[in-house]
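*Asks:* Quick one: this structure, given as structure tokens, is what I'll be asking you about.
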Amino acid sequence: EDQVTQSPEALRLQEGESSSLNCSYTVSGLRGLFWYRQDPGKGPEFLFTLYSAGEEKEKERLKATLTKKESFLHITAPKPEDSATYLCAVQARHNFNKFYFGSGTKLNVKP
Amino acid sequence: NAGVTQTPKFQVLKTGQSMTLQCAQDMNHEYMSWYRQDPGMGLRLIHYSVGAGITDQGEVPNGYNVSRSTTEDFPLRLLSAAPSQTSVYFCASSPGQGTTGELFFGEGSRLTVL
């Protein structure tokens with residue numbers, strides 16, 4: 001069964017304190033792994049797509065990496081505006097019309 | 001562009017009532033889908049569509065109906081609401097038949113069933 005587990009559930013950082021969020025996945029043939037950001041009361045907003053182990057993508061203070069079993073979202077020198085819930089999702093080759101989401105990591109960056 | 005528009009934003013129903021959540025997109029996307037988001041459970045796929053006239057079930061389809069008569073609209077119908085359907089509902093679309101993986105989400109519809 002395709003599934004995604006994210007950890008930690010919540011993370012509190014001081015401004016400038018770098019850290020990583022984890023996304024572990026089980027899928028029979030990964031087609032793509034996706035990271036989204038969700039602000040309170042809003043819909044998720046797309047950040048990155050990763051397709052193969054070893055791939056990395058960067059955007060401002062965020063960098064996403066992928067291995068055969070997990071993905072990390074590294075946050076370097078975070079700012080309070082990075083506070084949000086970060087969601088991970090996978091898409092399988094056997095049915096690329098379905099996306100499986102993790103329950104998210106709620107990040108709070110304090111000034 | 002408005003992107004993905006969901007209405008209503010908030011709704012309270014009594015058990016057994018029916019209603020329709022509306023979703024419209026103006027990006028000419030082939031793929032549209034409905035998710036529900038519950039605390040601690042993440043987003044779960046209810047139904048999806050890869051084009052007008054084509055729909056299929058997701059992980060949690062029971063209690064929900066969909067149809068797709070146009071490319072732009074993908075309404076979600078609750079025929080007889082139950083308290084277990086209290087949730088936040090998100091509509092999402094994607095160019096192509098789900099191939100890109102980048103989903104564009106609406107702002108959500110918060111439904112409470114008493």
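*Asks:* Please identify, among B:Glu72, B:Glu30, B:Glu102, the residue showing maximal mean-square fluctuation in a Gaussian network model of chain B using a 10 angstrom Cα cutoff.
*Replies:* Maximum fluctuation in the GNM of chain B, among the listed residues, is at B:Glu102.
*Asks:* Starting from the 7 Å offset along Cα-to-Cβ, what nm value, one decimal, do you get for the label separation of A:Ser20 and B:Thr7?
*Replies:* Placing both labels 7 Å along Cα→Cβ, they lie 4.7 nm apart.
*Asks:* Relative contact order, percent, of segment B:19-114 when contacts are C-alpha pairs under 8 Å separated by at least 6 residues?
*Replies:* Relative contact order, segment B:19-114: 31 percent.
*Asks:* Tell me, what is a quarter of the convex hull surface for the C-alpha atoms of chain A, in nm² with one decimal?
*Replies:* 6.4
*Asks:* Now, a different point. Among the lysines, select those whose C-alpha is under 20 Å from the C-alpha of A:Lys57, and discard any that sit fewer than 8 residues away in the same chain.
*Replies:* A:Lys68, A:Lys69, A:Lys79
*Asks:* Restricting to the protein assembly as shown, what percent of DSSP beta bridges are antiparallel, rounded to 5?
*Replies:* Here the share of antiparallel DSSP bridges comes out near 90 percent.
*Asks:* Next up: How many nm is it between the label spots at B:Val88 and A:Lys63, if each spot is 7 Å from the Cα in line with the beta carbon?
*Replies:* 3.1
*Asks:* Could you derive backbone 3J(HN,Hα) for segment A:43-53 from the dihedral phi with the Karplus parameters 6.51, -1.76 and 1.60 (θ = phi - 60°), listing whole Hz in sequence and x where the residue is Gly or Pro?
*Replies:* Going residue by residue, I get x, x, 10, 5, 10, 9, 10, 10, 10, 9, 4 Hz, with x marking Gly and Pro.
*Asks:* Is the C-alpha gyration tensor of the protein assembly as shown telling us rounded, prolate or oblate? Criteria: a/c under 1.5 is rounded; beyond that, a/b larger than b/c is prolate, otherwise oblate.
*Replies:* Verdict is prolate for the protein assembly as shown.
*Asks:* Also, quick follow-up: Sticking with the crude label model, points 7 Å out along Cα→Cβ, report the distance from A:His94 to B:Asp73 in nm, one decimal please.
*Replies:* Each label point is offset 7 Å from its Cα along the Cβ direction, giving 3.7 nm.
*Asks:* Could I ask something else about it? Chain B: D in µm²/s via Stokes-Einstein (Kirkwood Rh, Cα pairs, 37 °C, 0.692 mPa s)?
*Replies:* D = 236 µm²/s.
*Asks:* Averaged over B:45-55, how many beta carbons belonging to a partner chain fall within 10 Å of each residue's beta carbon?
*Replies:* That works out to 1 on average.
No lab work stands behind these numbers, since they all come straight from the coordinates. Every value quoted in this text rests on a predicted model; they were computed, and no experiment measured them. Don't worry about glycine lacking a Cβ; one is built from the backbone with ideal geometry, like all the others, and counts go over all protein chains shown.
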